[in-house]
Each structure stands twice: as C-alpha cells, then as structure tokens.
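Each remark here refers to the structure printed beneath this line.
Nothing in this text is a laboratory measurement; each read-out follows from the coordinates by a stated rule. Here the structure is a predicted model, which means the values were calculated and not measured. Every residue, glycine among them, receives a Cβ derived from its backbone with ideal geometry; neighbour counts consider all protein chains shown.
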Amino acid sequence: MELSIIIPCYNEEAALPYFYEEVTRVLAPQKIEYELLFVNDGSTDETLRVLKHYAEQDAHIKYLSLSRNFGKEAAMYAGFCNAGGDYVAVMDADLQDPPSLLPRMLETLQTGEYDCVATRRVTRQGEPPVRSFFARRFYRIINKISDADIADGARDFRLMKRTMMDAIVEMGEYNRFSKGIFGWVGFRTCWLTYENVERVAGKTKWKFWKLFKYAMDGIVNFSQAPLNLASWFGMWMTFLSFLVLVFIIVRKLCFGDPVDGWASTICVIIFMGGIQLFCMGVMGQYVAKTYMEAKHRPHFIVTETNKEDAQKIK
Ligand code: UDP
Ligand code: MG
C-alpha cells in the first residue's frame, strides 16, 4: 500500500457522497495504490451504513467504527494505528480540505526533500467573526508560551511519511492535541496555503465552547507557562506587599496611625483570595490531566471494521 487517507467522520452522511466522489476523481488517474480509511466516530446518523455500502462496491474503502463518539483526536489516532500506507494523509470528510491538493502534496514528498506536507488556510472567510478572533488570539498565545510550533490557520490536513506517523503513534498521550503533536515531533515540513472553503454539506461539529475547551487543552498540554504565571503572581505580590509595608512603617513613624482603611483592607483580601483561587484552578487543570494520563485508558474502541487484523483497542 502506498497511500492511506484517514478520514474521521462524525455524522457525515450528508457530506460523504461528495467526499467519496471528489477523492476518487482526484486519485483514480494517479496510478497509486491507496486506501480510504474512514473512522466512524460513533455517528448517530447513517454514516456507518453509507460506509458499508461503499465498502461493498469499492475495495479501496476501509472503515473502522468506534463504540461511541470519542472525539476527532481519538478518531485520528485510531486511523494512525491502522493505516497501512507508506504515505499517510488526514482529511476532513466535509471537503474543507481540498483533495485536489493531494497530487501536489504527493509530488513534494516524492522528491525526498520533505517528510511532511502540511496545509494552512490563509483566510477564515465564512467563519463566525468571534470564532476567528479567538482563534487568532489562541495561536498567538500558544506559540509564545509553548515549544510546539503551530501556524495560524494550520489544518489537520496533511500528508506525511510513515516514519513521521510512527513517531506520532509513539506519542500515546491520552489528552491529544494533534496540531501541537505534529509540530513537536519535528521533521522537515513543507507548508501549502489555500483559501478557506466552506463545508459541502452537514453542520460543523465544533460549538464555540467545545473549541474553547480544546484550545485550553492545547495550552495545558504543551506549555507549563500557566503554572509559571502562578509563581510570578506570587513573587510580585510578595514584593509589592513589602513596599507597602515599608510605606506603612514610615507613615506610622512620621504621622502616627489613625485607624481607618477598612474598605481597602477588604479589597486587598478579596483580591488576594481571587488570585489564590485562580492559581489553584490552574494547578487543578494540570493535576486533572495527570490523573487522566495515569489511568491509561484506551484512546478508542473499534467495534466494527472491514480491515483484517485491525488494532481494535489502544
Ligand atoms: N469529527 C469527528 N469527531 C468529532 C467531531 C468531528 O470525527 O467528535 C470529524 C468530522 O466528521 C469532520 C472533522 O472531524 O470530518 C472536522 O469536523 P468539522 O468539519 O465539524 O469541524 P470544522 O471544520 O468546522 O472545524
Ligand atoms: Mg469542517
């Protein structure tokens, strides 16, 4: 097998026919041996039935069906663990990742100059402005505070060599943030850019809140900066209170000490209480992650597949 394309699908019955048709149209003239490895991420619609239907007609179609909705990250991981190709691509099922880029990506890898071809969108048109705004802030922040190198607008859509994929499978962490993982493993990456495309059919699975939580995961997974922030707060507060102490002693010596300042005392107490709770919350985030990692639960459970000797649980 030369090329495996991994497609995580969650309730994509509407988009799948378009996707299948377009990918087949692009790959058929390529004279390359390929498999389309669909991962049904616990869809509640007819996605699995559609996949089975295609699989009966076309030997290129492979599917893994997970026992419930594990999330896109887990679905991708299931794909990585079961991809047989020398080259491996990840794509969304909604044609937001244009299959027409694939031949160019393949060519780039075949020159041997790169290990991976990644894509990023240069526009975010068609996306709610609030979402774009927060997305931009997120990329600015995470690049500053972590050693994962993540381009703004980077997609999960990429084609990589098996060596790189093996490295990614090796990173078996439970809280997965692939954009960070791709950057972390390194390798020679070539970036392609393209204009944003809106999804062909169906609805986005990412509500604002889900994305926000995902962004927080990204930060906590790839950076200890929030923890350092707590130490910095502590240090500055200590320094500040020392200055205030000196001021109060001097004032007492020079002017005596009439009792007042009840309001300001309460303000300081509430302020400090707030900061302490915030810092505990930050620490809690890391402790919670550690807890989840320590349990070593599987990332995914496959209940149905047409792939022989598929890895069903990992
Ligand atoms: N997806 C998934 N599991 C989920 C959510 C999404 O497998 O829990 C898949 C989805 O089917 C699609 C891809 O991840 O192929 C990207 O999702 P979507 O297009 O909804 O995200 P957006 O493009 O809006 O960021
Ligand atoms: Mg999409």
Spherically averaged projected area in nm², based on the convex hull that wraps the Cα atoms of the range 74-187 | 7.8
Using only Cα atoms, tell me the angle between helix 72-82 and the longest principal axis of the chain; keep it within 0 to 90° and round to the nearest 10.
-> 50
Enter the angle in degrees (range 0 to 90, nearest 10) between the Cα long axis of helix 208-222 and the first principal axis of the Cα atoms of the chain, meaning the one along which they spread out most.
-> 80
In nm, to one decimal, how far is the modelled label at Val246 from the one at Thr303, with both set 7 Å along Cα→Cβ?
-> 6.8
Percent of alpha-carbon pairs separated by more than 16 Å within the range 225-314 | 73
Given only helices, namely DSSP H runs of n ≥ 4 each adding -39500 (n - 2.57), what is the per-residue ellipticity at 222 nm of the chain, to the nearest 500 deg cm²/dmol?
-> -16500 deg cm²/dmol
Spherically averaged projected area in nm², based on the convex hull that wraps the Cα atoms of the range 159-285 = 14.1
Using eta = 0.692 mPa s and T = 37 °C, Stokes-Einstein with Kirkwood Rh from Cα pairs puts D for the range 1-106, in µm² s⁻¹, at 242
Quick calc: nm separation of the 7 Å Cα→Cβ label points for Phe239 and Thr123 -> 4.7
Within the range 1-98, GluC sites (Glu not before Pro) in DSSP loop having at most 16 other beta-carbon neighbours inside 10 Å | Glu2, Glu33, Glu46
Kindly provide the GluC sites (Glu not before Pro) of the range 143-217 that DSSP labels as loop, not H, G, I, E or B, and whose Cβ sees at most 16 other Cβ atoms within 10 Å.
-> Glu173, Glu195, Glu198
Thinking of the chain as a set of Cα atoms, what percent of all their pairs are more than 30 Å apart?
-> 43
DSSP-loop trypsin sites (Lys or Arg not before Pro) across the range 1-74, with at most 16 other Cβ within 10 angstrom = Lys31, Arg68
